[in-house]
1. For the chain, what does the relative contact order come out to in percent, with C-alpha contacts under 8 Å and a separation of six or more?
2. Which shape class, rounded, prolate or oblate, goes with the stretch 176-296 when its Cα gyration tensor gives a ≥ b ≥ c as root eigenvalues, a/c under 1.5 marks rounded, and past that a/b bigger than b/c marks prolate?
3. So how far, in whole Å, is the C-alpha centre of the stretch 86-127 from the one of the stretch 214-237?
4. Rank these for me by crowding, PHE143, PHE230, going from fewest to most other beta carbons within 10 Å.
5. Looking only at ASP154, ASP63, ASP32, which one moves most when the chain is put into a Gaussian network model with springs between Cα atoms under 10 Å?
6. Amide H neighbours of THR166 under 5 Å, at least 5 residues apart or on other chains, H built in the peptide plane: list them.
7. Quick one: how many lysine pairs in the chain have C-alpha atoms under 23 angstrom apart, if they're 8 or more apart or on different chains?
8. Using +1 at the C-beta of Lys and Arg and -1 at the C-beta of Asp and Glu, which of THR208, TYR167, VAL151 has the Cα lying farthest in the positive direction of the dipole of the stretch 105-295?
Amino acid sequence: MKSEFFFSLMTRRVCIVFFVLMIALTSLQAVDQIISISDTVYSSSGETVIEIALEAIEAGGADGNGVVIDSGADVAFIAGERVSLKPGFSVNPGASFTATTSKLSGQTINEDTDWSGVRYLGGTTVVSSGADLYIDTDCILYFLPGAALEVEGDLIVGEGVRLTSTYGSGNGSTDDFWKGIVITSGTALLNKCLIEYALQGILVDGSTNTVHIQGVTFHQNLIGLHILNFASVPIVDYSLFDSNIWYGIKEDSTGDASVTNTRFLNNGILYYELSQTILSIDELNNQSGNSGNTEG
C-alpha cells in the first residue's frame, strides 16, 4: 500500500515537472534589437501591422527603395529607444501610422504606480514588495512575446483593462504569446478585465498571496489560471474561461480554489485538480466552496 502511494505521488510530481518544462520550452518569437525597413509598401490588410524593436527602428530609403504606408493601411512602429524616419518614408492620405518609444527591456516598480492609456511592455515587469500597481479602467497593456508581469507587492486591475500579446493571436501558434501574470506574494485584485494570448493568464505560485478574480475573461491562453502554491484560497467569481488551449483552470496544489458563478466555454480541459485529475462541471460544483458554475 505504501509503495503504491509513493508511486502515485512520484508520478504526479514528474507530471508537474514535465508540464512546467513544456511551458518553459514553448517557443517565443525573437525581437530584434534594431530593425531597418526599406523597399516596403504597407497596404490595407484589415488589421494593424506592428513593427517592434528593442532598441531602434529605421525606416526609409532612396532611389525608389523607400517605405510607403498606403491608403487604408494601419501601421505602428514601437521601439525601446528611437524611431528614425528617413528620406523615402511616406504616409499616404487615408492611412494610419503611429510611432512610439516605450521601455521594452523590463522594469522594477518600487513605489506606488498608476498606469493608464496604452502601454507596450517587454521583459519582466516586477511589482516589488511594498509597492502597489494600479492599472486604470480601460487601460490596454500590450506584452511582447515572453514578457511577464510579476507581482510581489499589490496589483489592482480596473474594469475594461485588456492585457494581451503585442501580436494578438499571431500565426495561430503560441510563438507570439506573453508569459502572463505571475503572483508570488502580496495581493492581486482583478475586476472585469480581459487576459488573453498568454502562456498562463495568471500563475499563482507563492506562500503569502491573496488573489481575488471577479468578472475576468480568460481568452485563448495556453492555460487560463494555473495554481501551484498559495497561502489563502484564490477566489474566482463571475468569470469566463473561453477557448483556453490546454486548460481553463489547472491546480497543481494540494488546496482548492473557490470557483463560483463562472462559465467555461471551449477549453481544452475545463478543470484539472491535483488529487482528482480532470473534473467535469458537476464534479467542480460538488466540491466544497464551489457553486453556480456552468459549461457551454
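1. On the way: 868 pairs, mean separation 26.5, N = 296.
So the answer I get is 9 percent.
2. On the way: a/c = 1.34, a/b = 1.05, b/c = 1.27.
Rounded, since a/c falls under 1.5.
3. Here the two parts' Cα centres lie 27 Å apart.
4. Working: PHE143 27, PHE230 21.
Going from sparsest to densest Cβ surroundings: PHE230, PHE143.
5. Of ASP154, ASP63, ASP32, the Gaussian network model singles out ASP63 as fluctuating most.
6. PHE143, LEU144
7. On the way: LYS86/LYS103; LYS103/LYS179; LYS179/LYS192; LYS179/LYS250; LYS192/LYS250.
So the count of such lysine pairs works out to 5.
8. With unit charges placed on the Cβ atoms, the residue in question is TYR167.
Read-outs: derived from the displayed coordinates by stated rules, not from any lab. Everything numeric in this text was worked out from a predicted model, so none of it was measured. Please note: Cβ atoms are built from the backbone with ideal geometry, for glycine as well, and neighbour counts cover all protein chains shown.
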